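Here is the structure we will look at, set down as structure tokens.
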Amino acid sequence: MGRLFGTDGVRGRANADLTPELALSVARAAAGVLADRDGTQRPVAVVGRDPRASGEMLEAAVVAGLASAGAEVLRVGVLPTPAVAFLTAETGADLGVMISASHNPMPDNGIKLFSRGGHKLPDAVEAAIEASVQTGTAAHRPTGAAIGRVRDLPGGAADYADHLLSTLPAPVAGLRLVVDCAHGSAAAGGPDVYRRAGADVTVIGGEPDGWNINDGIGSTHLGPLTEAVRATGADLGIAHDGDADRCLAVTADGEVVDGDAILAVCALGLKERGGLAQDTVVATVMSNLGFHHTMRDAGIAVHTTAVGDRYVLEALRARGLSLGGEQSGHLVFLDHATTGDGLLTGLSLLSRMSVTGASLAELASVVQRLPQVLVNVPVRDRIAVVESDAVAGAVNAAEEELGDDGRVLLRPSGTEQLVRVMVEAPTQESADAIAARLADVVAAVD
């Protein structure tokens, strides 16, 4: 077995890579590693899923594995990933399990794990679970009355919705919204949350059938949302992914507003209300330089992390900060959530529009994006290439050429023999030319 955990849990093609047997083993191992077993009480686990058909099969396996380890299982059904994290904390459970492959196509599925309090797992805990799965050491098998029990938690969705609405600094009455639920978890209550906040809501992608999740719709396919916003004359559109932990947006004119711009809008709003801890926001190395310029001009510091919302979360918690996010639309409001929450992000965006009276286009215009190009260069040894003197010299020369008007990022892929060359520059032509030049140096060194 290769590495089990990726950047966000265990993921693969359902019933091929991610089998019911593996799901059962992961659940048993997670219960053994994450639950404190002192003999005085039964461990508790919250289990949710997105609507894809394979989730029914994998949910049964996960629930069986947890009960086999002696856990009391609280089954919450189809809900967003952040809802499972919230309910893990709200119920005082020892762990949470979300069965979802997020924005991936329907044939894939995954298992995301949360520890007590609804937090994503650090690398060391994932390694311990993986070792338990591979060695088969999760051997605690209670019998009789000690076997775990399973029950539904029907009020979980309502509790999560109430929590989301409690975070609103202002109602959003009068705003016309098209929400794209990606035929995923957001369809289970998301539109009602926006309506309860005061918005006039039109829904697309709100009819999951188990097979159509993320199929040409959702945050990775914004064409249908753009068309719906224009057709209905809405003030904006909001797109979620399959498990509703992402949020991207579209203006009334159909222009896409990415995670950088949404993060900037929310950061400025929090700072205005005195809610942006240390006047600092967390972003990844892929955030556009235009975002950094906007934050600098507003007196907001930016702490930069590696790509991945788990690293954004780690920085927020370690530094006592309140807001961070990624271009992809994963935003974390740590005062209200323990993980990225697309519905919470959407509500925050709507509230900011309501408070300011500004359109989404006007709010998003504070970020002047620099043209950006990303080139993936196949290599034989990605680490050796990025550490070479020739590549370092080429990068330094490009950075000197760009000065404060651009940026170069060169990094090895985390999973493939690729070196990623990203360049931002004042013009697309300049970005393309510098990226091509650096790619040639990378290829020549290899």
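Here's the yes/no breakdown for (1) open to solvent by 10 Å² or more (accessible area, probe 1.4 Å); (2) over 25 Å from the mean Cα position of the chain (by Cα); (3) closer than 23 Å to ASP108 by Cβ:
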site	(1), (2), (3)
ASP8	yes, no, yes
ASN15	yes, no, yes
GLU21	yes, yes, yes
ALA29	no, no, yes
VAL33	yes, no, no
VAL47	no, no, yes
ALA53	yes, no, yes
VAL62	no, no, yes
GLY92	yes, no, no
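Just one of (1) within 20 Å of VAL76 (Cα to Cα); (2) crowded, with 18+ Cβ neighbours inside 10 Å fails for ARG149. It is (2).
Mind listing whichever residues of the stretch 325-364 are among the acidic types (Asp, Glu) and within 16 Å of THR167 (Cβ to Cβ)?
Restricting attention to the stretch 325-364, the residues satisfying the condition of being among the acidic types (Asp, Glu) are 326, 335, 341, 362.
Hits for the stretch 325-364 are ASP335, ASP341.
Restricting attention to the stretch 306-336, the residues being aliphatic (A, V, I, L, M) and either touching a His at 6+ places or on another chain (Cβ under 8 Å) or within 24 Å of VAL256 (Cβ to Cβ) (or both) number 8. Residues that are touching a Ser or Thr at 6+ places or on another chain (Cβ under 7 Å) and outside any strand (DSSP E or B) were ranked within the stretch 322-338; the one that is least open to solvent (accessible area, probe 1.4 Å) is GLY329.
Among the residues of the stretch 65-90, the one identified as over 16 Å from GLY190 (Cβ atoms), open to solvent by less than 10 Å² (accessible area, probe 1.4 Å) and of a type in the set (S, T, N, Q) is THR88.
Scoring ASN104 on the criteria (1) over 20 Å from PRO20 (Cβ atoms); (2) under 17 Å from the mean Cα position of the chain (by Cα); (3) not β-branched (Val, Ile, Thr) leaves a single failure, condition (1).
For every residue, the table says whether it meets (1) open to solvent by less than 10 Å² (accessible area, probe 1.4 Å); (2) assigned to a loop (DSSP other than H, G, I, E, B); (3) of a type in the set (Lys, Arg); (4) within 20 Å of GLY55 (Cα to Cα).
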position: ALA173; (1), (2), (3), (4): no, yes, no, no
position: HIS183; (1), (2), (3), (4): no, yes, no, yes
position: VAL201; (1), (2), (3), (4): no, no, no, no
position: PRO208; (1), (2), (3), (4): no, yes, no, yes
position: ILE217; (1), (2), (3), (4): no, yes, no, yes
position: THR220; (1), (2), (3), (4): no, yes, no, no
position: LEU225; (1), (2), (3), (4): yes, no, no, no
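Among the conditions (1) among the hydrophobic types (A, V, I, L, M, F, W, C); (2) closer than 29 Å to ALA157 by Cβ; (3) under 17 Å from the mean Cα position of the chain (by Cα); (4) in a loop (DSSP other than H, G, I, E, B), the only one that ILE238 does not satisfy is (4).
In the stretch 185-199, the residue that is farthest from MET106 (Cα to Cα) out of those that are out of contact with any strand residue (DSSP E or B) (no Cβ under 8 Å at 6 or more places or on another chain) and not in a helix (DSSP H, G or I) is GLY198.
The sole residue among PRO142, PRO169, PRO154 that is at pLDDT below 95, more than 17 Å from the chain's Cα centre (by Cα), closer than 20 Å to HIS336 by Cα and part of a loop (DSSP other than H, G, I, E, B) is PRO169. Restricted to the stretch 234-281, and to residues there that are without any contact (Cβ under 8 Å) to a residue 24 or more places away in the chain and closer than 19 Å to THR356 by Cβ, the residue that is surrounded by the most Cβ atoms within 10 Å (Cβ to Cβ) is GLU272.
Apart from one condition, THR167 fits all of (1) out of contact with any Gly (no Cβ under 8 Å at 6 or more places or on another chain); (2) under 18 Å from GLY55 (Cα atoms); the exception is (2).
Looking at the stretch 190-197, is at least one residue within 21 Å of ASP50 (Cβ to Cβ), open to solvent by 50 Å² or more (accessible area, probe 1.4 Å) and either within 24 Å of the chain's Cα centre (by Cα) or hydroxyl-bearing (Ser, Thr, Tyr) (or both)?
From the stretch 190-197, those within 21 Å of ASP50 (Cβ to Cβ) are 190-194; that's our starting set.
Then keep just the ones that are open to solvent by 50 Å² or more (accessible area, probe 1.4 Å); that gives 192.
Now drop any that are not either within 24 Å of the chain's Cα centre (by Cα) or hydroxyl-bearing (Ser, Thr, Tyr) (or both), which leaves 192.
Checked against the condition, which is being within 21 Å of ASP50 (Cβ to Cβ), open to solvent by 50 Å² or more (accessible area, probe 1.4 Å) and either within 24 Å of the chain's Cα centre (by Cα) or hydroxyl-bearing (Ser, Thr, Tyr) (or both), the stretch 190-197 yields at least one hit.
Within the stretch 50-61, identify whether any single residue is of a type outside the set (Ser, Thr, Tyr) and over 20 Å from ASN15 (Cα atoms), and answer yes or no. Within the stretch 50-61, none of the residues are of a type outside the set (Ser, Thr, Tyr) and over 20 Å from ASN15 (Cα atoms). Any residue at all in the stretch 313-321 that is closer than 30 Å to VAL441 by Cβ, aliphatic (A, V, I, L, M) and not in a helix (DSSP H, G or I)? Scanning the stretch 313-321 turns up no residue that is closer than 30 Å to VAL441 by Cβ, aliphatic (A, V, I, L, M) and not in a helix (DSSP H, G or I). If a residue has to be of a type in the set (Asp, Glu) and more than 30 Å from VAL408 (Cα to Cα) to count, how many in the stretch 252-285 make the cut? Of the residues in that region, 2 qualify.
The values are calculated or read from the model by the stated rules, or taken from the named source; none is laboratory data. All values derive from a computational prediction rather than experimental measurement. Virtual Cβ from ideal backbone geometry, glycine too; neighbours counted across all protein chains shown. The accessibility values were calculated without ligands, DNA or RNA, using every heavy atom of the protein model including side chains. Shrake-Rupley method; radii C 1.70, N 1.55, O 1.52, S 1.80 Å.
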